[in-house]
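Asker: Handing you a structure now.
Here, each number is a calculation from the coordinates, and none is a lab measurement. None of these values were measured; they are calculated from a predicted model. So basically every Cβ, Gly included, is an ideal-geometry build from the backbone, and we count neighbours across all protein chains shown.
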Amino acid sequence: MRIALAIVSLFASGGLQRDCLSLARILRRRGNEVHLIAARCDTEAASLIEPQVLPSLHLTNHGRDQGFARALRAETQGRFDVVVGFNKLPGLDVLYCADRCVLATPVPMWKRLMRRHRTRRSLEEACFGKNSSTHILMLAAGAAAEYRSAWQTQGSRMTVLSPSVAKERMRPDLRATETRNGIRRGLGLSPRDEVWLFVAAYPRTKGLDRLLNALAGRTGVRVLVAGAAPSSRDCLRAHRLAKSLGVESCVSFLGHREDIPELMAAADVLVHPARYDMTGGVILEAISSGLPVITTDACGFSEHVRRARAGIVLDGPFEADRLSEALDLVREPGKIVEWSRNASLYAARNDFSKGLHDAADVIERIAVQRS
């Protein structure tokens, strides 16, 4: 089958981007001819899988999405058995959806009148509206219900995928004492340090400022921040906040890292106080690596923390004092050991490797139907 995978921005550190790259590899291993198409691509991602770049010369994100949609339709017309998008775009056969519902998100009336909001809503309608034929791959049941309620999307056009974690990111073995201590030494951490890990491509959305405010006034804590370039706007803003709070020396901005399992082995807890995360793949990666998690119920995969009894889930609305209280538990004797053991047991009982293979099954089925 000839399959096109389309994504507006392809960079190596994003969860959606990793899913796109992994799905491309799975489909190719199954014997399909897969073409990856993007509007922009960083050097690291390009080295992993060579994409075709259709530049969209717009200054705004919504303008770029619109321009890429037009270029994509012209480029793929009649050339592929199925076109799969990782962003909401018109004319897709399949959408792999990792974004929140625009229509269901409360916004002030003045924002609704702005071109940005109207464009995003139009792109969403092209995929979820009742007149669309796009099949949608959803990553969480709650998000699927939200979209169905907002757009009256036919249930037959939606598939909720199983969770998916790459096998190379499931490394509970690295938490063995000697290995863990060696990793910590390599990161400049002492055995006495309490280590919080934060991983996100978009630090503000995932609550880095909330974490830094919780860090203020504590001693003996080191924070490792991975996933976003230290020069990014979010990280620069976070660096200024850390400096103003007097915790700058306790925070290490590591940028994009491929050794996330090693960082998870070095850490005592993953802190993910997100404002919104449709899934929160890093939460499952942590559980699969035996790392306790403190997160918010704004993350789709927070339910697994509760089921596993592998940390704390903060119910909304967010309160800074409750995050601080949850982090206080990290210092209780035996608490981290208990949470870590529960995480490993839960991961052993559940298969977190199926989701992308299920997605590939759906894409191939639709390709056959439409060829």
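Asker: For the charge dipole of the chain, defined by +1 on Lys and Arg C-beta atoms and -1 on Asp and Glu C-beta atoms about the Cα centroid, which residue among ILE3, LEU236, GLY355 has the Cα displaced farthest towards the positive pole?
Answerer: Of the candidates, ILE3 comes out farthest on the positive side.
Asker: Still on this structure, I have one more. What size of dipole, in debye to the nearest 20, comes out for the chain about its Cα centre when the only charges are +1 on Lys and Arg C-beta atoms and -1 on Asp and Glu C-beta atoms?
Answerer: On the way: 53 positive and 40 negative charges, 167 e Å.
For this selection, approximately 800 debye.
Asker: Which Cα, out of ALA326, ILE183, ALA265, lies furthest along the positive dipole direction of region 167-349 (beta carbon charges, K/R +1, D/E -1)?
Answerer: So the residue furthest toward the plus end is ILE183.
Asker: Now for a different question. With angles folded into 0 to 90 degrees, how steeply does helix 335-349 sit against the dominant principal axis of the chain? Use alpha carbons for both and round to 10.
Answerer: Its long axis makes an angle of about 30 degrees.
Asker: Sticking with this one: In debye to the nearest 20, how big a dipole does region 167-349 give about its Cα centre with +1 on each Lys and Arg Cβ and -1 on each Asp and Glu Cβ?
Answerer: Its charge dipole is roughly 200 debye.
Asker: Along the Cα-to-Cβ line of THR179, 7 Å from the Cα, sits a label point; which residues in region 344-371 have backbone N less than 20 Å from it?
Answerer: Residues 344-353 fall inside that zone.
Asker: Separate question: Using the C-alpha gyration tensor of the chain, what are the square roots of 5 times its eigenvalues, in whole angstrom, with the largest one first?
Answerer: That gives 36, 23, 20 Å for the three semi-axes.
Asker: Considering every pair of different Cα atoms, what Kirkwood radius, in Å, is found for region 248-359?
Answerer: About 14.6 Å, per the Kirkwood formula over Cα pairs.
Asker: In straight Cα distance, which lysines are under 27 Å from LYS243, not counting same-chain residues fewer than 8 positions off?
Answerer: Candidates past the 8-residue exclusion: LYS206.
Asker: Per Stokes-Einstein, at 20 °C and 1.002 mPa s, what whole-number D in µm² s⁻¹ belongs to region 167-349, with the Kirkwood radius over Cα pairs as the hydrodynamic radius?
Answerer: On the way: Rh = 16.0 Å.
My calculation gives 134 µm²/s for D.
Asker: Where Lys and Arg each count +1 and Asp and Glu each count -1, what net charge lies around THR60 among other residues with Cβ under 12 Å from its Cβ?
Answerer: +3
Asker: Any chance you could run the full-extension gain for SER162 through ARG233? It's 0.36 nm times the residue separation minus the Cα-Cα distance, nm to one decimal.
Answerer: 22.2 nm
Asker: If you stretched the chain out fully between ALA145 and LYS354, how much longer would it get, using 0.36 nm times the residue separation minus the C-alpha to C-alpha distance?
Answerer: Once the chain is fully extended between ALA145 and LYS354, it gains 73.1 nm.
Asker: To the nearest Å, what is the center-to-center distance of region 166-193 and region 67-119, using C-alpha atoms only?
Answerer: 41
Asker: Also, quick follow-up: Helix 15-29: angle to the longest alpha-carbon principal axis of the chain, degrees 0 to 90, nearest 10?
Answerer: Once rounded, the angle reads 60 degrees.
Asker: Quick one: angle between helix 355-370 and the longest Cα principal axis of the chain, in degrees between 0 and 90, rounded to 10, please.
Answerer: 0
Asker: Pick from ILE183, ILE37, ILE294 the residue whose mean-square fluctuation is largest in a GNM of the chain, springs joining Cα atoms under 10 Å.
Answerer: Top of the fluctuation ranking is ILE183.
Asker: Also, I was wondering about something else. Determine the gain in length on full extension of the stretch ASP328-GLU248; use 0.36 nm per residue of separation and subtract their C-alpha separation, reporting nm with one decimal.
Answerer: Gain on extension, ASP328 to GLU248, equals 26.8 nm.
Asker: Determine the sum of side-chain charges near PHE86: Lys and Arg each +1, Asp and Glu each -1, restricted to other residues whose C-beta is under 12 angstrom from that of PHE86.
Answerer: -1
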